[in-house]
1. Looking at region 17-37, is at least one residue under 16 Å from the mean Cα position of the chain (by Cα) and in a helix (DSSP H, G or I)?
2. Restricting attention to region 190-243, and to residues there that are exposed (fewer than 15 other Cβ atoms within 10 Å of the Cβ) and within 25 Å of R131 (Cβ to Cβ), which single residue is nearest to the chain's Cα centre (by Cα)?
3. Among G18, G92, G77, which is over 26 Å from S238 (Cα atoms) and without any contact (Cβ under 8 Å) to a residue 40 or more places away in the chain?
4. Could you list all residues from region 72-87 that are under 16 Å from F135 (Cα atoms) and either in a helix (DSSP H, G or I) or modelled with pLDDT under 95 (or both)?
5. I need the full set of residues from region 163-180 which are farther than 21 Å from V46 by Cα and surrounded by 14 or more Cβ atoms within 10 Å (Cβ to Cβ), in order please.
6. Can you give me the number of residues within region 96-113 that are in a loop (DSSP other than H, G, I, E, B) and crowded, with 22+ Cβ neighbours inside 10 Å?
Amino acid sequence: MVEKSIEAQKAVELIECGVDGVRETKVASQDTLAVEWDRFMRLGQVAAHVNALALPKGTLILDVGGFDGAFALFVPGLRVWVVDPITTSGSGLALPFPDGHFDVVVSIDALEHVPRGQREQLLRELVRVCRKSLFINFPEARSMSAQRQVLSLVQNKFIQEHVEYNLPGREETTATLKRLCPDIKINAVGHTSISVWVPWYVLFHTAKDRGLAISAFLKDRKNEVNQPPFLYDLLECSMGGAL
């Protein structure tokens, strides 16, 4: 469900970092309000956990599937490298880094866009390059009926992949992570109301100006729209340590 907005494009740029298939974010304006509501919730939820780590200024984070680099808008003072098949020509299935290269790795709404047979490989790579903290966000399988409803109203390639690939579930994803890394500690958190997301998504993709106006309204009420049943799961993972 990643779609590059003109506003986000103005706020952040992807520049060369010296590694093939990887780009570094260059933030022109720390304006998170430039991001539409759905992404605002996803990026903001993960950023809140990353910011809570109180990382030293300049710490380098890897964002796998980060598309336009908008996550950098939510983590001021930190450096973000992006790997994405569309914007950097990189693949999360084969990350060009040695084991444990990053203290913090995030992957926000990438897992569901990988065919089911390749999801374990993506998770394997995320675990492999992460030394300490890994954050994985995805629309959870509980929302499949909502995804089908949206697809019946809006033809969108990202939602189509959700339906065709089938969304990942919390239990299967955590089980895979524990098999790949027996010492991993995982805390799963749900967020963003399915019931709010469905009408907003349809509105945004049929009348974008109105959808953006409602985005501003919903951002001011982010606690109110964080009610179950939740659309997303955020897995907060610690590599061999207590959460």
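The values are calculated or read from the model by the stated rules, or taken from the named source; none is laboratory data. Predicted model only: the values in this text are computed from it and were never measured. When we count neighbours, we look across all protein chains shown, and the Cβ atoms used for this are built from the backbone with ideal geometry, even at glycine.
1. So far as region 17-37 goes, yes, one or more of its residues are under 16 Å from the mean Cα position of the chain (by Cα) and in a helix (DSSP H, G or I).
2. Keep residues of region 190-243 that are exposed (fewer than 15 other Cβ atoms within 10 Å of the Cβ), which gives 195, 199, 206-210, 213, 216-217, 220-221, 223-224, 227-229, 240-243.
From what's left, within 25 Å of R131 (Cβ to Cβ): 240-243.
Values: G240: 23, G241: 23, A242: 23, L243: 20 Å.
Top of the filtered list is L243.
3. Matching residue, one of G18, G92, G77: G18.
4. A72, F74
5. V163, Y165, N166, L180
6. The qualifying residues number 2.
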